[in-house]
Amino acid sequence: MAPLDLDKYVEIARLCKYLPENDLKVSPVCGLAPSGCGAPAGPPFFSPGPLFHFLGFLKERLCDYVCDLLLEESNVQPVSTPVTVCGDIHGQFYDLCELFRTGGQVPDTNYIFMVFCLPLSVREILRIYYECQTKYGNANAWRYCTKVFDMLTVAALIDEQILCVHGGLSPDIKTLDQIRTIERNQEIPHKGAFCDLVWSDPEDVDTWAISPRGAGWLFGAKVTNEFVHINNLKLICRAHQLVHEGYKFMFDEKLVTVWSAPNYCYRCGNIASIMVFKDVNTREPKLFRAVPDSERVIPPRTTTPYFL
């Protein structure tokens, strides 16, 4: 069997193209970020538009290769500085390219993407299924991709002092070791510690409060300070919430929200950011705006048939 030609796949990904069926051997997730504008990310790659081209990269051989790599990683993956932390990108491919232009190309720059795989609606699943059927005659790309998504790590720990997680904290989690014991090879459950880590939000509450999202919790400064103290942390980085200024510190700068999707949904008008850590005491937010429509290739809108 011929070796994986990752450089070739990276270059094709940078052009926002998909491979012929015989060449479909790559995945755009799990740290295999293209050196120009690819991305290690979760559900955003199932947004409408040119990101569907990435389905051409979701095939069994490389996905199995990536899964083998993920099996060796901890739920709380240790990462060394310097590193750049990114929030949600929500499938905005050309803005992701801008992110890499702002923060530096891979592999020259190391990135942490604090994204996770959102549950999809029936309509979204049907759209993805139809897209796979149209391009490849089957839905294998979707199955291979979700297999990889289910094995993504839960959190990252920068120099043992900065915790990166998608959503926030959980009343069931007091220590990092408890995160390390979670069985992550599964779809994100609807409740419990795993669910909370990807759905919870910081808020001006005493301790814990019911989340309006219907999953996870709202957590306050007291909870955050206790968790930081118990685990000898300097900072908690998280994503999950739109921040119009690109980033937002809370709780005496013990927590920061990073948002990396500019002009979210192409209508919110917000700035995006990434957070560069040279070391645990030296951080620099970098801001960037959405790529103008004139620089995007927007495919024609199609309608998924009611009966597939």
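Bear in mind that the values in this text are calculations on the coordinates, not laboratory data. What you see is a predicted model, and the numbers here were worked out from it, not measured in a lab. Neighbour counts are summed over all protein chains in view; Cβ atoms, including those assigned to glycine, are modelled from backbone coordinates with ideal geometry.
A few points about this structure:
- For region 181-285, with +1 on Lys and Arg beta carbons and -1 on Asp and Glu, the positive-most of 205, 275, 224 along the dipole: 275
- Taking amide hydrogens as placed 1.01 Å from N in the peptide plane, the amide H of residue 201 sits under 5 Å from those of 217, 218, 219, each at least 5 positions away in sequence or on another chain.
- For region 67-166, the relative contact order works out to 43 percent when only alpha carbon pairs closer than 8 Å and six or more residues apart are counted.
- Cα→Cβ-extended label distance, 7 Å offset, between residue 230 and residue 61, nm: 4.7 nm
- Near residue 188, once Lys and Arg are set to +1 and Asp and Glu to -1 for all other residues with Cβ below 11 Å from its Cβ, the sum equals -1.
- Projected label points at residue 244 and residue 282, each 7 Å from Cα along the beta carbon direction, are separated by 3.4 nanometres.
- In order along region 208-221, phi translates into HN-Hα couplings of 10, 8, 5, 8, x, 5, x, 8, x, 9, 8, 10, x, 5 Hz, rounded to whole numbers, per the Karplus curve 6.51 cos²θ - 1.76 cosθ + 1.60 with θ = phi - 60° and x for Gly and Pro.
- Backbone phi angles across region 168-181, fed through the Karplus curve with coefficients 6.51, -1.76 and 1.60 (θ = phi - 60°), yield HN-Hα couplings of x, 9, 9, x, 8, 10, 10, 10, 5, 4, 5, 5, 5, 8 Hz in residue order; Gly and Pro are listed as x.
- Full extension of the chain segment joining residue 6 with residue 213 gains 70.6 nm, where the gain is 0.36 nm per residue of separation less the Cα-Cα distance.
- Cα radius of gyration and Dmax for region 114-240 (Å): 16.9, 53
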